[in-house]
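To keep things clear, I will list the structure first and then write my remarks on it.
The values are calculated or read from the model by the stated rules, or taken from the named source; none is laboratory data. Because the structure is predicted, anything quoted here is derived from the model rather than measured. Cβ sites come from the backbone with ideal geometry, for glycine too, and all protein chains shown count toward neighbours.
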Amino acid sequence: MNHAIRVHEHGGPEALVWEEVPLPSPRPGEALIRHGAVGLNYIDVYFRTGLYKAPALPATIGMEGAGVVEAVGEGVTHVAPGDRVAYATAPIGAYAEARTIKADRLVKLPDSISDEQAAAMMLQGMTACFLLTRTYRVAAGESVLVHAAAGGVGLIMVQWAKHLGARVIGCVSTEEKAALARAHGADEVIVGIESLPTRIKDLTGGAMLPVVFDSVGRDTFMTSLDCLAAFGMMVSYGNASGPVAIADIGVLAAKGSLYLTRPTLATYTAKREDLESCASALFDVVASGAVKINVNQRFALKDAAEAHRALEARQTTGSTVLLP
């Protein structure tokens, strides 16, 4: 027997329907995974609402999961039945008790990492990895700004950037979230964006910042640009408040010959060697204790709608997992 959360038409959390679905058989190059835990990420909201398009409806959403390989298709060599594995990759389909996926997108889990930890950190942790070490190589002594610093990716980025020796400035929406960001190593935390550029100017002695990591999107984009020094990089990697639209790229010139990128995990881990390198780096920083993974919310997979409501209402902190 197999159950999944499926979207028959785009909409609010009520569009998430729990229903019985066939248990798939792995095709050549695929593995069948029985999930122990599934990750909740904001990209799931985008697929539910239709901001990001699923290949077809009805669709099972979800990009991240961990569990045990039950069977493999012809030609699979990366994993074998019985292996504990995790993934954070397209295609969607993680909101299920079991699913098939291309085996070369799976990484084996060390014994020190539980299914819940893996499902809570693979997408968010590998995102933090490529943002901090490849999109912009954070150097010791630099000041960096992390938006949504108490969120899933945010808390990992705060810790990892501190591990790299950076001075981390977090931006959050409430005092409670500010306390959480500080507890995870943020040097300074700013609540709200109303006076953000002024606060950054004060904190940096007028120097401003070499980089801003912004997952909020529309509501913070222009304010984030105003926090950058000349030649600074704006890393816009999420749309929690809505998609960003730039009418005139000349704004980048006017604000100091700025760089702008919209990176994705899919691109940065498209090659098998990059996926393995990123996952290995994540496992290492977690094993060392430099980055702690906080599973702060747990929902039954069948209650995914409730989890989405909490996520969109900014009621969650750290990572959230869905349990089959």
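Checked against the criterion of being in the same structural domain as ARG298 (by TED's automatic domain parsing) and either under 22 Å from ARG298 (Cα atoms) or of a type in the set (S, T, N, Q) (or both), the candidates SER173, SER114, SER195 yield just one match: SER114. Selection of region 44-100 for residues being without any contact (Cβ under 8 Å) to a residue 24 or more places away in the chain and under 28 Å from SER215 (Cα atoms) yields TYR52, LYS53, ALA56. Can you spot a residue in region 18-39 that is within 20 Å of LEU265 (Cβ to Cβ) and at pLDDT below 95? No, there is no match, as no residue in region 18-39 is within 20 Å of LEU265 (Cβ to Cβ) and at pLDDT below 95.
A count restricted to region 1-14 and to residues that are in contact with a His (Cβ under 9 Å, 6 or more places away or on another chain) and more than 17 Å from LEU322 (Cα to Cα) stands at 1.
Residues checked against (1) modelled with pLDDT of 95 or more; (2) on the phi > 0 side of the Ramachandran plot; (3) touching a Phe, Trp or Tyr at 6+ places or on another chain (Cβ under 7 Å); (4) not in a loop (DSSP other than H, G, I, E, B):
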| residue | (1), (2), (3), (4) |
| --- | --- |
| ALA230 | yes, no, no, yes |
| ALA240 | no, no, yes, no |
| SER257 | yes, yes, yes, no |
| ASP274 | yes, no, yes, yes |
| CYS278 | yes, no, yes, yes |
| ALA281 | yes, no, no, yes |
| ALA287 | no, no, no, yes |
| ALA305 | yes, no, no, yes |
| ARG314 | no, yes, no, no |
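In region 43-98, of all residues being over 25 Å from SER277 (Cβ atoms), in a loop (DSSP other than H, G, I, E, B) and of a type in the set (Ser, Thr, Tyr), the one that is modelled with the highest pLDDT corresponds to TYR95. Among the residues making up region 235-265, those that are hydroxyl-bearing (Ser, Thr, Tyr) and either without any contact (Cβ under 8 Å) to a residue 12 or more places away in the chain or closer than 19 Å to MET126 by Cβ (or both) are SER236, TYR237, THR261, THR264. For region 260-272, the tally of residues that are within 16 Å of MET222 (Cβ to Cβ) and part of a strand (DSSP E or B) stands at 1.
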